[in-house]
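Reading through the structure tokens given below for one structure.
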Amino acid sequence: MPTSSESPIVLRHRMDPRKASLTAASCWTAFAFFAWAVPAGRTTQFDRLGLLFWRTHDLRPIGPTWLLEWVRDLTAMGGFLQLKLYTIFAVVALFWLRCRREGVLLALTVLSASLVNVGFKAVFGRPRPEIVPHLTEAGGASFPSGHSFNAASSYIAFALAFAALSPRASVRHTLVAGAMLLSLAVAWSRVWLGVHWPSDVMAGWLGGAGWAFLASALLYRPAESVVHAADELTEAGSRGGR
């Protein structure tokens, strides 16, 4: 049996599943609006205005040259490799802090979010905008934005996991708000770089945020079951080795 020093910490400050479910429902309702409006052509004018809003006569974004590099660095924070590396570091940190349930929940949230986003892209198959230059490489379908979806789901999931360690509501709220702002900045960068329509990134962010909160409410018990199953296997192996 694991000793008390080895037992996973029970986090009593994680987000109330009911509040998480309500937040997820709000995000997914807004996502559903875009999922209806985009194929119906309801966002065409909005998308054109949003994409062209801060551009010069040659269709490049207004601003100094160094800003382009900054925005490219920012958009990289929503890339597949970076997010998966951050996830590995975060899961290792949570296991080291003996928060194994939260670590497994975080891994499940991030991996499942990537699969959900790929599924949405396959369903909608929207072409990327071609009315402005693409200032970074981008492939695949445009709706919903993968960088926006994965950044929102990952960073908010990170925040929810580590916020559960703090008994102070102000700390928890600051972490989650910071994760939202960072993921929104990643989403904005995709439009700035010309590789997504505004509706792509809005839907992507809403879907990713909704997934993070939904997973917090629904996947905690499965994560707990994984930890218990791992403990039982370890215990059985220890008995068998005697």
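The values are calculated or read from the model by the stated rules, or taken from the named source; none is laboratory data. Bear in mind that the values here come from a model prediction, so they are computed numbers and not experimental data. FYI the Cβ positions are ideal-geometry reconstructions off the backbone, even for glycines, and counts take in every protein chain you see. Ligands, DNA and RNA are excluded from the accessible area calculation, which covers all protein heavy atoms including side chains. Shrake-Rupley method; radii C 1.70, N 1.55, O 1.52, S 1.80 Å.
Scanning segment 191-231 for residues that are open to solvent by 50 Å² or more (accessible area, probe 1.4 Å) and modelled with pLDDT under 85, we see that the one that is farthest from the chain's Cα centre (by Cα) is 228. Number of residues in segment 74-92 that are of a type in the set (A, V, I, L, M) and touching a residue at least 12 places away in the same chain (Cβ under 8 Å) equals 5. Taking the condition of being surrounded by 11 or more Cβ atoms within 10 Å (Cβ to Cβ) and within 18 Å of residue 143 (Cα to Cα), how many residues in segment 37-58 meet it? Here the count works out to 11. Each residue in segment 1-36 was checked for being closer than 17 Å to residue 142 by Cα and either open to solvent by less than 50 Å² (accessible area, probe 1.4 Å) or modelled with pLDDT under 95 (or both), and 3 of them qualify. Here is a check on your reading of the model: is residue 146 within 19 Å of residue 35 (Cβ to Cβ) and not hydroxyl-bearing (Ser, Thr, Tyr)? Spelling it out, residue 146 is indeed within 19 Å of residue 35 (Cβ to Cβ) and not hydroxyl-bearing (Ser, Thr, Tyr). Taken over segment 99-132, residues that are closer than 20 Å to residue 199 by Cβ and either touching a residue at least 60 places away in the same chain (Cβ under 8 Å) or aromatic (Phe, Trp, Tyr) (or both) amount to 10. The set of residues in segment 59-73 that are in a helix (DSSP H, G or I), open to solvent by 50 Å² or more (accessible area, probe 1.4 Å) and free of Cβ contacts under 8 Å to residues at least 24 places away in the same chain comprises 65, 66, 69, 70, 73. Mind listing whichever residues of segment 85-102 are within 17 Å of residue 179 (Cβ to Cβ) and surrounded by 12 or more Cβ atoms within 10 Å (Cβ to Cβ)? Within segment 85-102, 86, 87, 90, 91, 93, 94, 102 qualify.
Quick check: anything in segment 127-150 over 15 Å from residue 83 (Cβ atoms), in contact with a Phe, Trp or Tyr (Cβ under 7 Å, 6 or more places away or on another chain) and part of a helix (DSSP H, G or I)? Checked segment 127-150: no residue is over 15 Å from residue 83 (Cβ atoms), in contact with a Phe, Trp or Tyr (Cβ under 7 Å, 6 or more places away or on another chain) and part of a helix (DSSP H, G or I). Of the residues in segment 88-107, not one is part of a helix (DSSP H, G or I) and within 17 Å of residue 187 (Cα to Cα).
Here residue 179 meets the list (1) modelled with pLDDT under 95; (2) assigned to a helix (DSSP H, G or I) almost entirely, failing just condition (1).
Every test in (1) in a helix (DSSP H, G or I); (2) open to solvent by less than 50 Å² (accessible area, probe 1.4 Å) is passed by residue 118 save one, and that test is (2). Could you tell me whether residue 116 is among the β-branched types (Val, Ile, Thr) and under 24 Å from residue 182 (Cβ atoms)? Considered against the rule, which asks whether it is among the β-branched types (Val, Ile, Thr) and under 24 Å from residue 182 (Cβ atoms), residue 116 comes out as yes.
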